[in-house]
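Novice: Pasting a structure below so you can have a look.
The values are calculated or read from the model by the stated rules, or taken from the named source; none is laboratory data. Fair warning: this is a prediction, and the values are worked out from it, not measured in the lab. Backbone-built Cβ (ideal geometry, glycine too); neighbour counts: all protein chains shown.
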Amino acid sequence: MPQPLPGFESLAATFEQPFEMLSACHDRVRRSLQLLVRLQDHLLAHGADDQARQAAEDIVRYFGLAAPAHHEDEERHVVPILQIADDVKLRKAAQQMLQDHALIRSAWLELAPFLQQIGTGSAPQRTGFAEAVDRFVRLHDDHLRLEDELGFPEARARHEAQGPAAIAAIGGEMARRRRAR
């Protein structure tokens with residue numbers, strides 16, 4: 001009997017805690033990447049069955065909708081404060097985050113058609129799909145680590161130093177932008 005390939009449960013985080021929200025998004029990114037790798041294995045054993053189609057749809061929904069909003073959050077509230085830091089390491093981290101986002105967007109444009117094909121019940125060409133999956137997963141590895149270990153903690157500390165209103169403003173902006181969509 002095939003193993004199910006469900007979507008994932010998301011952790012509860014609110015816009016009142018925007019940096020916790022950003023971290024929770026990274027947890028969802030990791031789970032979505034794991035689902036993507038499991039989907040690749042599932043396709044080899046079972047083809048583009050109902051479970052594969054559902055997994056592909058979940059991945060497309062997350063990386064096609066939620067992940068771009070997350071990158072925009074980072075580009076509005078993490079990158080700018082790092083770019084003006086006195087510390088060269090932080091300015092370089094900000095630049096790397098932006099470069100990574102561009103590479104991830106490009107890799108997504110390569111991967112998404114394979115997932116859409118699976119969503120229609122058709123298995124993609126194995127080698128091309130495997131290469132696209134590998135590139136997409138690899139690009140996230142160092143990127144997530146950079147943001148988790150340096151970008152988020154440093155940006156959070158700098159925003160918190162500006163007072164509670166700064167954190168509240170970030171959360172409010174993130175919530176308003178999502179409601180506007």
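Novice: So, in the range 12-36, of the ones that are within 23 Å of GLU149 (Cβ to Cβ) and over 14 Å from the mean Cα position of the chain (by Cα), which residue ends up modelled with the lowest pLDDT?
Specialist: The qualifying residue modelled with the lowest pLDDT is ALA13.
Novice: Looking at ILE118, ILE84, ILE167 in this structure, which one is surrounded by 20 or more Cβ atoms within 10 Å (Cβ to Cβ) and not acidic (Asp, Glu)?
Specialist: From the options ILE118, ILE84, ILE167, the qualifying one is ILE118.
Novice: GLY64 passes all but one of (1) out of contact with any helix residue (DSSP H, G or I) (no Cβ under 7 Å at 6 or more places or on another chain); (2) at pLDDT 95 or above; (3) surrounded by fewer than 15 Cβ atoms within 10 Å (Cβ to Cβ); which number fails?
Specialist: For GLY64, the failing item is (1).
Novice: Could you pull out the residue among ALA85, ALA69 that is closer than 30 Å to ALA166 by Cβ and in a helix (DSSP H, G or I)?
Specialist: The conditions single out ALA69.
Novice: Does the range 153-161 contain any residue that is modelled with pLDDT of 95 or more, touching a helix residue (DSSP H, G or I) at 6+ places or on another chain (Cβ under 8 Å) and of a type in the set (A, V, I, L, M, F, W, C)?
Specialist: Looking for residues that are modelled with pLDDT of 95 or more, touching a helix residue (DSSP H, G or I) at 6+ places or on another chain (Cβ under 8 Å) and of a type in the set (A, V, I, L, M, F, W, C), one finds at least one in the range 153-161, hence yes.
Novice: Which members of the range 125-164 meet the condition of being free of Cβ contacts under 8 Å to residues at least 12 places away in the same chain, part of a helix (DSSP H, G or I) and within 23 Å of LEU82 (Cβ to Cβ)?
Specialist: ASP141, ARG145, GLU149, PRO153, ALA157, GLU160, ALA161, PRO164
Novice: Please determine, by comparing only the residues of the range 99-110 that are in contact with a helix residue (DSSP H, G or I) (Cβ under 7 Å, 6 or more places away or on another chain), free of Cβ contacts under 8 Å to residues at least 40 places away in the same chain and under 24 Å from HIS42 (Cβ atoms), which one is surrounded by the fewest Cβ atoms within 10 Å (Cβ to Cβ).
Specialist: Taking the candidates together, the pick is GLU110.
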